[in-house]
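*Asks:* Structure provided below as structure tokens; questions to follow.
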Amino acid sequence: MSAPSPAQRTFTSLSSFSLSSASRLTRNSFCPTKDLLVLVSEHEGVDRVSLWKATGARVWDLSLGKQDRFVELAWSPDGNFLIIAREPARLTLHSVHDGHEITSLVVPFDHLPDPAGKGKGPERTPPARLKDVWWLEQEEERPKEEEGPPKKKPKPKKEDPILGSAQSLLRTMPYLTPVKEVKTDSIFSLSKDKTASQSSTLPPHLLAFPSLLVDRLDASIQPQRGQDTPSSRIKDDEAIASCANDGSLLVVSDDTGVVHFFLDGTYPLGYFSLGGDCVPYAVHMISDQRILMVAFHRGDGSNGEDGHYVGGASLMLPLLATRPLRTTAVISSLLRDLLVLTQQAVDEMAKAWMGSDGLEGAKDIGARWFQTLEKKGEGKTNAMFDLVSLLCTGRPRPSMVEFLGLLTERAWESWNSTVQNALKLMERNIAERIVPACERCVVLLEELKGWAVWEEVYSDFDVRRTEVEEGISAVLRMIELSQALATHILEERWSFDGMMIWLRWEAQRLSIQDGQTQPEHPMHDPLQVAEYLDTGLLGSAVDGWFVGPTPSVTPTEQAASTAFGTKALDAVLLEARQALKRPKEQVYRMQRPPVGSGAAEMADLDLKPISDDDYPPSKTTAERFVLDMERNLVALADEIGQMCQRICVKAAGAVGRTADVLQHWATARGEDLASAESGYKEVWVTAMDGTRVQYVALRIRDDRQHPQPGSGSGPSLCILKLEYDKEAAAPIRSNATILDVHLPDLDERSRRVPADPENDKQWQWELLDFDFFDEVNLVLVVRRRRQTVEGQGVVADLDPDREARSVLCSTFYPDLPYHRLARDEGDVFSKAKQAQHAGEMPSITLPVARWRELRKYAFGSGTVQLAVNGREGRRTACVVGSGVGGAEVEVFDMYGQDEDGEPGTEDGVDEEMEI
């Protein structure tokens, strides 16, 4: 590429602004698809992440809290999501629109306490902290006959699932209604505790459940949207449904040498250890070959070990981008959504009936009124005896008269509506959420069961048939016990209605004055009321569905084992034939009379039609056994979630278990680099013939890094050009050049005075930061300091804040004169250094293509960082200088040019700026 004309050798300043606190950039500060950048700062000991437009406007500000520290961040390929690595080790996914947290990921993905001792992951200490994170975009696979570089993956279209698969069956089922977030003070707005919170969290096993970001409609769940739903949430749902990040890979490294993989940014794929002293700091994905190219440094050189070096490795992931992996991830994601819906529905039922977080449940109201009655008796009478005595004789004690006088119409309505609404809520959740969701879970688990048999394809996923069958059995148990609860609710309501009718009639009767007409005697069953007073007022049988041990059998299994466990087959068949000859309703009604109030009412029954509502609900044999067995739905839902989570976690780790290192090589020895952390940058370029070239920039350490006073020398950069064949997993050819970052031309221009050799010796150049902008430009930030000589070789700064100057410049790195290195053993840079010492590869002065002096009052002597965004359609760079007094930020258009000091206005600079 030819050098630009002098008029074009500058950059356009898009914005510049000051911040009150020190801020820093990250390697991935820029959004890949929008002119947005992230700044990280600290305020009162709390890390804050802020999103800014390139024009200098703040979009949102996010506080990480006092418990978390910021580590690194990465953008999704479509630019709609941002993932933040934190310490302690975890990942949080945020929306670009408002910064709210969408989901949280566990690292390592299988590090979850398992009280049952099943399905535990490998025994290893969790990482002390995360180190880095990359979100890699999948390249479009190129047909073998097609030449040219692979193109970026086009915007995917949502594919229809395979006909007959579990996913296709779910798409044909009616949509389930999600559980709404309760925003009132209580379940039915009747609680006296107005400060109680309704916020609830999912159990740990569901939070750590392997899952993609999938459209909830795929799980046949209706999205929860209302008039007050923020537009940002709707945009997030649309971004998830667009599948724009499908095929992408999130890679996370920790300080134990382990790399963790996440498909599409959220679904864990396991982890692979590169070695305890190996720290990755650059990752590139070759999608069509399912290979990760990892650059790392091993050792820290603190003990002088020989193994301290920078190198690269090709990591093979054979299951990546395969259909079995995608199918496993989708099934796991749909299963999680259904289990979350089931868990939320069960929790809502438990809170409505049992109460939670200081809220009074429906079952507690009767007990509260009973305690009030006891207080009225002042300990001289038994409250339960008083109720039963009133029921049988109709003659109340004085304490009972006073108690019934407290039950105003509003109190009656509150008690009745709270219990009735709780019962209706349970019926609705069972019929519309729990049972349908569990039926869909069975469909998904049956498909997993089929994979367990297909060992040729799914053996690596470690799906065991016995574990899946146990999960199916537990889900079927959930269905039957939920239906048993729905049946028992009919009886509970029938008994409660009878008690309320009786109590209200007694209250009206006792409040009548002399001469007034007595109220009509209600139609209630005294025996049923007495039974409810004994078993439902203080403790209902419904409580057993929310407390107690986890059920291990279904009511049908319990009834079969009890009734027919010791009988012969002929006896069982005989009883079955006899049962078929007489309907269970007739048998049940022969044992109990219809609802009535006494002998007078029974005499009039022939004059009134009798309906099914006049009889208590009928019970099957299994329903009569359910009240004597364990039936806790809360514990069962938790167990089902844990069982499914263990199955899906083992399947998710298949990619990590099958990963392997193909080749590895040394790039440079640690002692040759000026900085192991910030002295390595790389970029990958694909040629037209499909071959790949890796450019690596190394900040090297040599004698010229410590020049003699007044020498005018600057730091050095080594640019390596590593060439790969189409199928090669390691470089086949190596080229190198060494640059002296010394800019004498800029010295003369910035001073605007004729060159003075004596003055030149007073300047010392310093390389602050650098990065590859795109496939053409390497961008550097350099700073020069005026120095003087005192005594024998002692160098001292003269007012560095006033004299120091920082410059942003770029060079065309493909046009540099590269020297072909020998193909012998040893690290690449050592061969380049040998060629330089032999005179075969002399170092060259950095050829500057464009440059611009940064604001001198902002970038005097503090820390300066650079972030660039030269992706397709983007052309911005940002420089942040931080010091004690705060930070100064400048954003540049790298292809624009100033005209009379005004920012450039070329097309494309401000596109896609709206959030």
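The values are calculated or read from the model by the stated rules, or taken from the named source; none is laboratory data. All of these numbers come straight from a predicted model, not from anything done at the bench. Counting neighbours? That spans all protein chains shown, and the Cβs are built from the backbone with ideal geometry, glycine included. These area figures cover heavy atoms from the full protein model, side chains too; ligands, DNA and RNA do not enter into them. Shrake-Rupley method; radii C 1.70, N 1.55, O 1.52, S 1.80 Å.
*Asks:* So in the range 455-485, with the set limited to residues that are of a type in the set (S, T, N, Q) and in contact (Cβ under 8 Å) with a residue 24 or more places away in the chain, which one is surrounded by the fewest Cβ atoms within 10 Å (Cβ to Cβ)? It would help to see each step written out before you state the result.
*Replies:* Of all residues in the range 455-485, those of a type in the set (S, T, N, Q) come to 459, 466, 473, 482-483.
Retained after the next criterion (residues that are in contact (Cβ under 8 Å) with a residue 24 or more places away in the chain): 482-483.
Working: Ser482: 27, Gln483: 17.
Once the filter is applied, the top-ranked residue is Gln483.
*Asks:* Mind counting the residues in the range 372-384 that are farther than 13 Å from Arg397 by Cβ and either touching a helix residue (DSSP H, G or I) at 6+ places or on another chain (Cβ under 8 Å) or not assigned by the TED database to the domain that holds Asp543 (or both)? I'd like the intermediate steps shown before the answer.
*Replies:* Going through the range 372-384, the residues farther than 13 Å from Arg397 by Cβ turn out to be 372, 375, 379.
Filter once more, so that each one left must be either touching a helix residue (DSSP H, G or I) at 6+ places or on another chain (Cβ under 8 Å) or not assigned by the TED database to the domain that holds Asp543 (or both): 372.
Total meeting the criteria: 1.
*Asks:* Condition first: of a type in the set (Gly, Ala, Ser), in a helix (DSSP H, G or I) and either open to solvent by 10 Å² or more (accessible area, probe 1.4 Å) or modelled with pLDDT under 90 (or both). Now tell me which residues in the range 325-366 satisfy that.
*Replies:* Here is the first cut: in the range 325-366, the ones of a type in the set (Gly, Ala, Ser) are 329, 332-333, 345, 350, 352, 355-356, 358, 361-362, 366.
Still in the running and in a helix (DSSP H, G or I): 329, 332-333, 345, 350, 352, 362, 366.
Correct list: Ala350, Ala362, Gly366.
*Asks:* Given the residues Ser2, Ser18, which is the only one that is open to solvent by 40 Å² or more (accessible area, probe 1.4 Å), in a loop (DSSP other than H, G, I, E, B) and at pLDDT below 90? Can you show your working first?
*Replies:* Numbers: Ser18 fails: in a loop (DSSP other than H, G, I, E, B).
Selected residue: Ser2, the only one of Ser2, Ser18 that is open to solvent by 40 Å² or more (accessible area, probe 1.4 Å), in a loop (DSSP other than H, G, I, E, B) and at pLDDT below 90.
*Asks:* I would also like to ask the following. Please tell me if Lys180 is in a loop (DSSP other than H, G, I, E, B), at pLDDT 80 or above and surrounded by fewer than 15 Cβ atoms within 10 Å (Cβ to Cβ).
*Replies:* Working: in a loop (DSSP other than H, G, I, E, B): yes; at pLDDT 80 or above: yes; surrounded by fewer than 15 Cβ atoms within 10 Å (Cβ to Cβ): yes.
So Lys180 passes the test.
*Asks:* Looking only at residues that are among the hydroxyl-bearing types (Ser, Thr, Tyr) and closer than 30 Å to Ser13 by Cβ in the range 828-863, which one is modelled with the highest pLDDT? Step through it out loud before you land on a result.
*Replies:* As a first pass, look at the range 828-863 and keep what is among the hydroxyl-bearing types (Ser, Thr, Tyr): 830, 843, 845, 857, 861, 863.
With the extra rule that they be closer than 30 Å to Ser13 by Cβ, the set shrinks to 845, 857, 861, 863.
Numbers: Thr845: 88, Tyr857: 48, Ser861: 60, Thr863: 82.
The selected residue is Thr845.
*Asks:* Of the residues in the range 384-407, how many are assigned to a helix (DSSP H, G or I) and open to solvent by less than 20 Å² (accessible area, probe 1.4 Å)?
*Replies:* First, pick out the residues of the range 384-407 that are assigned to a helix (DSSP H, G or I): 384-393, 398-406.
Remaining after also requiring open to solvent by less than 20 Å² (accessible area, probe 1.4 Å): 386-387, 390, 399-400, 403-404.
Qualifying residue count for the region: 7.
*Asks:* Six or more apart or on different chains, Cβ under 9 Å: which pairs go from a residue in the range 349-376 that's touching a residue at least 60 places away in the same chain (Cβ under 8 Å) to one that's aromatic (Phe, Trp, Tyr) and open to solvent by 40 Å² or more (accessible area, probe 1.4 Å)? Could you list them?
*Replies:* Pairs found: Ala352/Phe188; Ala362/Phe188.
*Asks:* Output the qualifying pairs, or none if there are none: Cβ atoms under 6 angstrom, residues six or more apart or on different chains, first residue in the range 491-508 and farther than 16 Å from Glu520 by Cβ and in a helix (DSSP H, G or I), second residue at pLDDT below 85 and of a type in the set (Ser, Thr, Tyr).
*Replies:* So the pair list comes out as Ser495/Tyr532; Met499/Tyr532.
*Asks:* Take residues that are modelled with pLDDT under 90 and over 30 Å from Met285 (Cα atoms) and tell me which of the helices (runs of 4 or more DSSP H) falling wholly in the range 594-696 contain 3 or more.
*Replies:* Working: elements: 599-603, 621-626, 633-652, 654-658.
Because the criterion is at least 3 residues that are modelled with pLDDT under 90 and over 30 Å from Met285 (Cα atoms), the helices (runs of 4 or more DSSP H) in the range 594-696 that meet it are 599-603, 621-626.
*Asks:* Would it be correct to say that Pro817 is at pLDDT below 80, open to solvent by 70 Å² or more (accessible area, probe 1.4 Å) and not in a strand (DSSP E or B)?
*Replies:* Values: at pLDDT below 80: no; open to solvent by 70 Å² or more (accessible area, probe 1.4 Å): yes; not in a strand (DSSP E or B): yes.
Spelling it out, it is not the case that Pro817 is at pLDDT below 80, open to solvent by 70 Å² or more (accessible area, probe 1.4 Å) and not in a strand (DSSP E or B).
*Asks:* Still on this structure, please answer the following. Condition first: crowded, with 16+ Cβ neighbours inside 10 Å and of a type outside the set (S, T, N, Q). Now tell me which residues in the range 429-438 satisfy that. First the steps, then the outcome.
*Replies:* Of the residues in the range 429-438, the ones crowded, with 16+ Cβ neighbours inside 10 Å are 429-430, 433-438.
Selection gives Ile430, Arg433, Ile434, Val435, Pro436, Ala437, Cys438.
*Asks:* Still on this structure: Among the residues that make up the range 260-272, is at least one of them open to solvent by 20 Å² or more (accessible area, probe 1.4 Å) and assigned to a loop (DSSP other than H, G, I, E, B)? Before you say what the answer is, go through the steps one by one.
*Replies:* Taking the range 260-272 and keeping what is open to solvent by 20 Å² or more (accessible area, probe 1.4 Å), we get 271-272.
Right, trim to assigned to a loop (DSSP other than H, G, I, E, B) and you get none.
No, every residue in the range 260-272 fails to be open to solvent by 20 Å² or more (accessible area, probe 1.4 Å) and assigned to a loop (DSSP other than H, G, I, E, B).
*Asks:* May I pose another question? From the list Thr418, Thr381, which residue is in a helix (DSSP H, G or I) and open to solvent by less than 50 Å² (accessible area, probe 1.4 Å)? Walk me through how you get there before you give the answer.
*Replies:* Values: Thr381 fails: in a helix (DSSP H, G or I).
Criteria check complete, one pass: Thr418.
*Asks:* Okay, moving on. So how many residues does the range 284-296 have that are farther than 15 Å from Trp665 by Cα and part of a strand (DSSP E or B)?
*Replies:* Step one: filter the range 284-296 for residues farther than 15 Å from Trp665 by Cα, giving 284-291.
Pick out the ones that are also part of a strand (DSSP E or B) and you get 284-286, 291.
Counting residues in the range 284-296 that are farther than 15 Å from Trp665 by Cα and part of a strand (DSSP E or B) gives 4.
*Asks:* Determine whether Val279 is closer than 18 Å to Val696 by Cα, modelled with pLDDT of 90 or more, in contact with a Ser or Thr (Cβ under 9 Å, 6 or more places away or on another chain) and open to solvent by 10 Å² or more (accessible area, probe 1.4 Å). Step through it out loud before you land on a result.
*Replies:* Details: closer than 18 Å to Val696 by Cα: yes; modelled with pLDDT of 90 or more: no; in contact with a Ser or Thr (Cβ under 9 Å, 6 or more places away or on another chain): yes; open to solvent by 10 Å² or more (accessible area, probe 1.4 Å): yes.
For Val279, the condition - closer than 18 Å to Val696 by Cα, modelled with pLDDT of 90 or more, in contact with a Ser or Thr (Cβ under 9 Å, 6 or more places away or on another chain) and open to solvent by 10 Å² or more (accessible area, probe 1.4 Å) - is not met.
*Asks:* In this structure, does Glu72 turn out to be open to solvent by 50 Å² or more (accessible area, probe 1.4 Å), under 30 Å from Cys648 (Cβ atoms) and at pLDDT 90 or above?
*Replies:* Numbers: open to solvent by 50 Å² or more (accessible area, probe 1.4 Å): no; under 30 Å from Cys648 (Cβ atoms): yes; at pLDDT 90 or above: yes.
It is false that Glu72 is open to solvent by 50 Å² or more (accessible area, probe 1.4 Å), under 30 Å from Cys648 (Cβ atoms) and at pLDDT 90 or above.
*Asks:* Next question. Looking only at the range 216-242, how many residues end up being buried (at least 19 other Cβ atoms within 10 Å of the Cβ) and not small (Gly, Ala, Ser)?
*Replies:* Filtering the range 216-242 down to residues buried (at least 19 other Cβ atoms within 10 Å of the Cβ) leaves 216, 219-221, 236, 239-240.
When the remaining residues are screened for being not small (Gly, Ala, Ser), the result is 216, 221, 236, 240.
Final tally of qualifying residues: 4.
*Asks:* In this structure, does Leu746 turn out to be buried (at least 16 other Cβ atoms within 10 Å of the Cβ), modelled with pLDDT under 75 and of a type in the set (A, V, I, L, M)?
*Replies:* Working: buried (at least 16 other Cβ atoms within 10 Å of the Cβ): yes; modelled with pLDDT under 75: yes; of a type in the set (A, V, I, L, M): yes.
When the stated conditions are applied, Leu746 passes them.
*Asks:* Follow-up. Answer yes or no: is there a residue in the range 863-873 that is out of contact with any strand residue (DSSP E or B) (no Cβ under 6 Å at 6 or more places or on another chain), free of Cβ contacts under 8 Å to residues at least 24 places away in the same chain and open to solvent by 50 Å² or more (accessible area, probe 1.4 Å).
*Replies:* Start the filter on the range 863-873 by keeping residues that are out of contact with any strand residue (DSSP E or B) (no Cβ under 6 Å at 6 or more places or on another chain), which leaves 870-873.
Filter again for free of Cβ contacts under 8 Å to residues at least 24 places away in the same chain, leaving none.
No, every residue in the range 863-873 fails to be out of contact with any strand residue (DSSP E or B) (no Cβ under 6 Å at 6 or more places or on another chain), free of Cβ contacts under 8 Å to residues at least 24 places away in the same chain and open to solvent by 50 Å² or more (accessible area, probe 1.4 Å).
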